[in-house]
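Comments concern the structure below.
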Amino acid sequence: MEIEDGRVLGLIGDKDDPFYQGFTCRKGRELPEHLYNPNRLLRPLRKTDGGELEETEVATAISEISERLRAIVEEHGPASVSLYAGTYGVQAPGSQMANAFLRALGSPMFFNCGPIDQPGKFLAAALHGKWRGGSPTFAEADTWLFVGTNPVISKLGGLPTVNPSRHLHSALERGIKMIVIDPRRSETAKKAFIHLQPVPGEDAAVLAGMVRLVLEENLFDEAFVEENTRNLEALRRHVQPFTPEFVEKRADIPASQLIEATRVFAAGTVGGANAGTGSNMSPRGTLTEYMLACLLTLCGFRLREGDAVSNPGVLVPGARKRAQPLSPFPAWGYEPKLRARDLSNTACGLPTSALPDEMLLEGEGKIRALICYGGNPMTAWPDQLKTRKALDGLDLLVMLDPKVTQTGQFADYIIAPKLVPEIAALTYDFEELEGFVPNWGFTVPYAAYCKPLVEVPKDSDLLEDWEFFYLLGREMGLELEIMTGLERLEQEPPLAITPLDMREKPTTDELFDILTAGSRIAISEVRENAIGRLYEDPDIVVLPRDPECKDFLELGNDFMMDQLDDAVDSVIEGDDEFPFRLVSRREANTLNSQGRDQGRLVRERPHHPAYMNPTDMAALGIEPGSIVAITSRRSTIHAVVQDSEDLRCGVISMSHGYGVDLDRLGTDGDPASPQANSMGAHTGALASSDLDYEEPYSGIPRMSAIPVHVVAS
């Protein structure tokens, strides 16, 4: 990082770093624009009686927020206060302190972005069970399956997060056979050995067809299945209708391609698979993830006794890998129960799509105060109309955000945070992520620490994220406790709880010490190194199965089998009124709503386009660059249309994470304007938890594969 007179001028990748090897992403290289963006808040804001936002002091904001929260809790109880953590609200130690605050307050109403991103992944893992030995990494595989995900761009899910294009190139050179299921010929699909391009929303049918072929042709690992699973015959019975001919008709992919893809995948000696946001936001997202888990188990793509553990952990204490299953556990039915649609807490967290309902429904249990940490509900939550109404009706909305976002327009207070490199940084977050979902975080034992490199701007009044929750808790007289470890049944050691001194505020480094207590490598050793290091230990291998182990992986969960049966008769296809399907997509240079106002990041895309196949455009008489109205059963959004032969006919592809208010960019608005560049139309505005309610337990409505029609605007 080039720093002059305390100001960051630029950065380049460190070629001496053994893991990154000089790689940086575009977002990282544009750090100076993020840090010194004219939209960045340097002091807290509060809403005046006239509805305007004005600057205030941190101490004043915390005192006033404390007073208002105390009054709300006294009148309506602790559960009337909720916290939503977005993509940037899952980072340590802020996430732990936010949880500590809410627990001390006595509210169980903690919501996060998981249940509106990839909830099926966590629900399916609970229904199927987990393999305690871990999974192979992409670097050692000879076959891999990607479903509704594009890790070359998203940098998450299967391919290593760091420089995924380089890792994919290396894998292709060594001969990996990659299969991609995606209605779009994405950047990842273009490198695939086989690309299946189905009708959006039919991923589960395609995977059921693959499972049927694996069973019919005895392509599965019989010994592994015999020892570690149950209800194989139930699975065999329920996938029977998904013949190649049935899948061809349902998903509109050639039966021969399905057969070839299945045989190629099952023939691998080491393999893996990942489903992503596209399939999870589509109908039957949990079923898709469940069928994918069954497919991996049938093929035996799990680490076995004696296999090397690619990442035995550095800073995150974790259980030793053991070659045995962990039986299924409840995927839903946990406390607290919600009032909306009989939903409850789940393995993926409280259903966030129901949060607006909980804010709108009158009576006991109504959420009246919301603290939004690192998220932007107006660009992320489904059903923008309902979200806006819910936010507007809150008694108190507090935001932690470096700028006034679309959600910030409704805030009573916005707390301005410090940013990297004004704070110390640690690789704890990505290492912890790997403990939740295999091949999401670091797949090698890498760790790095960096102290703060620059001071905060003069005359600013900024806090680290965690400081806000600590100081607010202290102001309210709460006793906060930090909880570390993954709250999982197989956790070894169990969760650790560390009470905090509420008189003497800890330092960030002291919190890092708490988070990494019991780690394989002492954090003091990591701090001593000027750059990141690999902390390898070749002697750490998967341990043998416990002779007393009676756990199993479930191949025939009753609920999932019922959904399979329903999928036989329930068709997801176009109709005369809504003949197109709108699918979500990722962008290389932005992350959800972050980076939209950074001109250098979005200069290649001066607007928020809707991509369509040229054949569809010609049939509708629409020219590239023209404005179209895209209408669902819920609402209408507008966008500049762009042609793309990578899309199958009948599909529209737009990025999610945008979110201009509908009344600020309606029928008279210009989607190609500079405003649309930074805000754009929110595809979630087309979704409705009342009209397109797809998942009965995660609560997520259809946020991809949305039925729409298109006309020139």
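No lab work stands behind these numbers, since they all come straight from the coordinates. If you're wondering where the values come from, they're calculated on a predicted model, not measured in any experiment. Cβ placement follows ideal geometry from the backbone for every residue including glycine, while neighbour counts extend to all protein chains displayed.
Considering the alpha-carbon set of the chain alone, what are its Rg and its Dmax in angstrom?
24.8, 71
For the peptides 369-378, 31-40, what is the packing order when you average, over each peptide's residues, the other Cβ atoms within 10 Å and list the highest mean first?
On the way: 369-378: 26.0, 31-40: 14.9.
Result, highest mean first: 369-378, 31-40.
Using a 10 Å cut-off around each Cβ, can you sort Glu55, Glu187 from fewest to most neighbouring Cβ atoms? Before the final figure, lay out the partial values.
Details: Glu55 13, Glu187 18.
Listed from fewest to most nearby Cβ atoms, that is Glu55, Glu187.
Between their Cα atoms, which of Lys121/Lys451; Lys47/Lys366; Lys337/Lys389; Lys177/Lys249 are more than 32 Å away from each other? Please report the intermediate quantities before stating the final value.
On the way: Lys121/Lys451 35 Å; Lys47/Lys366 23 Å; Lys337/Lys389 23 Å; Lys177/Lys249 26 Å.
With Cα atoms farther than 32 Å apart: Lys121/Lys451.
Relative contact order (percent) for the chain, with alpha-carbon contacts under 8 angstrom and 6 or more residues of separation? Could the numbers behind the result be given before it?
Numbers: 1556 pairs, mean separation 141.7, N = 713.
Once normalised by length, the contact order is 20 percent.
Hey, can you rank 526-536, 100-110 by average C-beta count inside 10 Å, highest first?
Details: 526-536: 15.5, 100-110: 19.7.
Descending packing order for the listed peptides: 100-110, 526-536.
Starting from the amide H of Val314, placed 1.01 Å from N in the peptide plane, find each other amide H under 5 Å away whose residue is 5 or more places distant or on another chain.
none
Calculate the spin-label point distance for Glu33 paired with Glu226, positioning each point 7 Å from the Cα along the beta-carbon direction, and give it in nanometres.
About 6.1 nm separates the two model spin labels.
What are the residues whose amide H is under 5 Å from the amide H of Ala610, where those residues sit 5 or more places off or on another chain and H is modelled from the backbone?
Correct list: Val640, Val641, Gln642.
Return a whole-number percent for the relative contact order of the range 162-295, with Cα pairs under 8 Å and 6 or more residues apart as the contact set.
Numbers: 139 pairs, mean separation 37.8, N = 134.
Dividing the mean separation by the residue count of the range 162-295 yields 28 percent.
Check which residues have an amide H placed less than 5 Å from Leu480's amide H, if you skip close sequence neighbours.
It is Leu500, by chain and number.
With +1 on each Lys and Arg Cβ and -1 on each Asp and Glu Cβ, how big is the dipole of the chain about its Cα centre, in debye rounded to the nearest 20?
900
Less than 16 Å apart at the alpha-carbon level, and either on another chain or at least 8 residues along: which lysines does that give for Lys27?
Within the straight-line cut-off, Lys27 pairs with Lys155.
At 0.36 nm per residue, minus the direct Cα-Cα distance, what do Glu604 and Glu260 gain on full extension? Give it in nm, one decimal, please. Could you put the intermediate results ahead of the total?
Details: separation 344, 0.36 × 344 = 123.84 nm, distance 3.77 nm.
Gain on extension, Glu604 to Glu260, equals 120.1 nm.
Restricting the count to DSSP beta bridges whose residues both fall in the chain, what percent are antiparallel, rounded to a multiple of 5? Before the final figure, lay out the partial values.
Details: 39 of 81 bridges.
For the chain, the DSSP antiparallel bridge percentage is about 50.
Order these by the 10 Å Cβ neighbour count, fewest first: Ile540, Ile12, Ile622, Ile181.
Details: Ile540 17, Ile12 11, Ile622 20, Ile181 31.
So the ranking, lowest neighbour count to highest, is Ile12, Ile540, Ile622, Ile181.
From the residues Gln563, Leu686, Ala204, which one has its Cα farthest along the dipole of the chain in the positive direction, the dipole being from +1 and -1 charges on Cβ of Lys/Arg and Asp/Glu about the Cα centre?
Result: Ala204.
Per-residue ellipticity at 222 nm for the chain, helices alone: DSSP H runs ≥ 4 residues times -39500 (n - 2.57), over residue total, nearest 500 deg cm²/dmol?
Numbers: 25 runs with 213 residues, N = 713.
Theoretical 222 nm ellipticity from helices: -8000 deg cm²/dmol.
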